[in-house]
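The values are calculated or read from the model by the stated rules, or taken from the named source; none is laboratory data. Note that the coordinates shown come from a computational prediction; the quantities given were computed from them, not determined experimentally. Cβ sites come from the backbone with ideal geometry, for glycine too, and all protein chains shown count toward neighbours. Surface areas here come from the heavy atoms of the whole protein model, side chains and all, with no ligands, DNA or RNA. Shrake-Rupley method; radii C 1.70, N 1.55, O 1.52, S 1.80 Å.
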Amino acid sequence: MRDKLEDANKDYYEKLLTYIRTVEFFYDEDEIESLLYAILSDIVLAQEHGEAAADYLGRDPKEMADSLISKLEKPKFQTKLKLSGYIVGISLFFSLLGELAALEFNFNPILLLLKGFLSFIIVYLTFFYVHKNVYSHSTPTKIKRLLGYFYLWLISSCVMGTFILINLFTPKNLDFTIPNPFDLIFIGILMIAVLGYVFLKNPDKLYAFLPITFIIGMVGIYSKLAFGKSLFNSTKGRCLFVVAMIVGYLVFSVLNRIIFKTQSDK
């Protein structure tokens, strides 16, 4: 339906869409999507009658959006806890994926949790920043743009530095090593669990996790077998490992992009 919009109306709607979707990730997704669909339907209807979205819905879309958001049901504590756990869980999932491909499967539960909480903070602040800047009316000068790039670099450096510090200062005596063959069993259970969760929970939105889980899981299994260890200790083996990891994350990124675009176009 969005493809029917003229450029000015599409820009008006897409800013509204971004503003409403980033208000908080704790709001009910179905309620948010129903609201956005109603707005889109109104804009299409107005356009068919020769009226611009700004004239039909108002020249201050931010105020209008804030009014609509205020009428949404406030997220319950259980919902906030569930979504927070979901974000932390994704962080734990990718941290474990990285460990799966190592020759020896080591993990530190405290380190994993700290990385999960840091990931949650980053996601929350990203939503907050985007939401606050959707309707920023000031036209940035060249100096302001350069400062913006500098702040982005500084924030990114702080985030990376925090992850590095967590790795350096988390007590090493809490490290756990899963010996062979239990590490192979763990990888198999994790792959089956991800497969089951995706198909039972939400295959339309979560299937991007399947290729990367399969690729890295197979690399992890292969690297822990006797004939695989010798290969992964060689230069050729390490190159294959890097290529496999890159391919896995590229496929994950592309599929996520497709899912996001599909959901946005609905």
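Residues that are under 17 Å from Phe94 (Cβ atoms), among the aromatic types (Phe, Trp, Tyr) and out of contact with any strand residue (DSSP E or B) (no Cβ under 8 Å at 6 or more places or on another chain): does the stretch 216-224 have at least one?
No.
In the stretch 1-26, which residues are outside any helix (DSSP H, G or I) and loosely packed, with under 13 Cβ neighbours inside 10 Å?
Residues satisfying the conditions are Met1, Glu6.
Report whether or not Val247 is at pLDDT below 80 and either more than 30 Å from Ala38 (Cβ to Cβ) or surrounded by 12 or more Cβ atoms within 10 Å (Cβ to Cβ) (or both).
no
Suppose we filter Ile164, Ile143 for residues that are of a type in the set (Val, Ile, Thr), more than 27 Å from Glu99 (Cα to Cα) and open to solvent by 70 Å² or more (accessible area, probe 1.4 Å); which single one remains?
Ile143
Among the numbered criteria (1) of a type outside the set (A, V, I, L, M, F, W, C); (2) touching a residue at least 60 places away in the same chain (Cβ under 8 Å); (3) under 20 Å from Ser95 (Cβ atoms); (4) in contact with a helix residue (DSSP H, G or I) (Cβ under 8 Å, 6 or more places away or on another chain), which one does Lys172 miss?
(4)
Identify the single condition in (1) under 21 Å from the mean Cα position of the chain (by Cα); (2) over 30 Å from Gly85 (Cβ atoms); (3) hydroxyl-bearing (Ser, Thr, Tyr) that Tyr12 does not satisfy, given that it satisfies every other one.
Failing condition for Tyr12: (1).
Taking the stretch 62-73 as the region of interest, how many residues are open to solvent by less than 70 Å² (accessible area, probe 1.4 Å) and among the charged types (D, E, K, R)?
Counting residues in the stretch 62-73 that are open to solvent by less than 70 Å² (accessible area, probe 1.4 Å) and among the charged types (D, E, K, R) gives 1.
Answer yes or no: is there a residue in the stretch 40-56 that is closer than 25 Å to Ile192 by Cα and hydrophobic (A, V, I, L, M, F, W, C).
Among the residues of the stretch 40-56, not one is closer than 25 Å to Ile192 by Cα and hydrophobic (A, V, I, L, M, F, W, C), which makes the answer no.
Can you work out which of the residues in the stretch 168-193 that are in a strand (DSSP E or B) and touching an Asp or Glu at 6+ places or on another chain (Cβ under 9 Å) is least open to solvent (accessible area, probe 1.4 Å)?
Looking at the filtered set, the residue picked out is Ile178.
Taking the stretch 27-61 as the region of interest, how many residues are buried (at least 18 other Cβ atoms within 10 Å of the Cβ) and in a loop (DSSP other than H, G, I, E, B)?
Result for the stretch 27-61: 1.
Can you tell me which residue in the stretch 204-217 is nearest to Arg238 (Cα to Cα), limited to those that are open to solvent by 50 Å² or more (accessible area, probe 1.4 Å) and modelled with pLDDT under 80?
Per the criteria, the residue is Tyr207.
Residues Gly89, Gly116: which one is of a type outside the set (D, E, K, R), buried (at least 16 other Cβ atoms within 10 Å of the Cβ), at pLDDT 80 or above and under 28 Å from Ile185 (Cα atoms)?
Just a single option satisfies the conditions, and that option is Gly116.
For the list (1) out of contact with any strand residue (DSSP E or B) (no Cβ under 9 Å at 6 or more places or on another chain); (2) without any contact (Cβ under 8 Å) to a residue 40 or more places away in the chain, I need the number of the one condition that Phe127 fails.
(2)
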